[in-house]
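These notes are about the structure you will find just below.
Readers should treat all values here as calculations from the given coordinates under stated rules, not as data from a laboratory. Here the structure is a predicted model, which is why all the values come from computation and not from measurement. So basically every Cβ, Gly included, is an ideal-geometry build from the backbone, and we count neighbours across all protein chains shown.
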Amino acid sequence: NVSVDAEARSSFIQRRLRGQERRDIQREILSILGLPHRPRPLARTKRNAAPVFMLDLYNTVSAGAEPRGYSDYKAALERRAPAAVTPQDNRFLDDADTVMSFVNLIDQDQELLFQPLLQELRFDVSRIPEGEVVTAAEFRIYKDFIQEHAQNETFRVSVYQVLQEAPDSEVELLLLDQRDVWASEEGWLVFDLTATSTLWQLRPEQNLGLHLIVEDSRGQRRNPRLAGLVTGGEPKEKQTFLVVFFKANGVRFRSAR
Amino acid sequence: SAHGQKGRQSNRSKPQRTAQDAAKAAEAATNNLKFSKEGCKKHELYVSFRDLGWQDWIIAPEGYAAFYCEGECAFPLNSYMNATNHAIVQTLVHFINPGTVPKPCCAPTQLHGISVLYFDDSSNVILKKYRNMVVRACGCH
């Protein structure tokens, strides 16, 4: 009897929880999620490139089922810059237990005012959960189409790790990855930062950030923005970010409560 | 099998008696089955992150169907989902000694994972796979 059945079932869940019970249940669910408390309420923008990219990854993980994000996220997905998630990301995703995106902590607009030929970047990867091993890391920056240059003009985009920063000497840099791009090219540029992220995770004091340098075909340094790289805070859906894939190192236990 | 042949022979009458008792009890239980509670089944339970007021930091999903297992594990166990072979032994021993030995438990036999996408304190975004969060099937253990 369906109606009797439904009645019996609903009797289990129809009791309203009291305030303290509700808080206890919330705490238990947070504990299942491995969080000590609710993240602090901040002015979060879900239209930024990182959340949209991560939602794309989420939908890949939950493939087969209808995406359960809210309608505005779906709209954000439709507006996103194309081809954000690559087939390589899907491979990383299969192997990962956790994926985290990190925002650039340096005010990019201010930075370019003082050093127009250099883009400094810093990501706080110390927030990587304990017991997690980095399996892959990608630095992602968007390149817009630029009309001011001839379409066949090329640029070399290089990403360096800052090894040493002393006020009285030159900055010591290590080349991590570089890419040649056409002026007419448009889309996400992806640089491999796996080794560097692993180092920063193990030795946070060595995280002195990254330098992004753009050169033209004659080897002359150029302002990254003039080469079409989106270095500022706008537009939000093209903001630079770092994405790191992790795998749990051994068996994970929830902490005692 | 740990006992010697001699010991087994000397104790043969006792297990026969208890097996008969169990068979009788099982017969009685089968006759009373129509009055017993619903068997071990999967029931709906939805954990709503939206109702918890967490949609400001959990990006997706809005919630998930966690399910739970509930129902009685009684003879004949074959009529219920996924009873383990040992659950039948457990039921027999329960019939013999109902005061001390419990019935088999109705519990998840298959569990699946979910992924959750959320912001942390620093507005970084975390996508985490959580194992064993959703009941796929229940059974008697």
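Here are some notes:
- Residues of the range B:114-141 with amide N under 13 Å of the 7 Å Cα→Cβ point at A:ALA63: none
- 5 angstrom amide H check on A:ASP97, placed H, neighbours 5+ away: A:PHE246, A:LYS247, A:ALA248
- Counting charges near B:ARG136 (Lys, Arg +1; Asp, Glu -1) among other residues having Cβ under 15 Å from its Cβ returns a value of +2.
- Fewest-first ordering of A:GLU170, A:GLU120, A:GLU185 by other beta carbons within 10 Å of each residue's beta carbon gives A:GLU170, A:GLU185, A:GLU120.
- Cβ-Cβ FRET estimate between A:ARG179 and B:ASP56, R0 fixed at 51 Å, reported to 0.05: 0.85
- Label-point gap, in nm, between B:ARG131 and A:GLU234 - each point 7 angstrom along Cα→Cβ: 4.7
- Separation of the A:ALA166 and A:LEU202 label points, Cα + 7 Å toward Cβ, nm: 2.5
- Estimated FRET transfer efficiency when R0 is 22 angstrom, pair A:ILE29-A:SER126 (beta carbons, to 0.05): 0.25
- The ranking of A:LYS236, B:LYS42 by Cβ neighbour count inside 10 Å, starting from the fewest, reads A:LYS236, B:LYS42.
- Residue order, fewest to most beta carbons within 10 Å, for B:GLU62, A:GLU138: B:GLU62, A:GLU138
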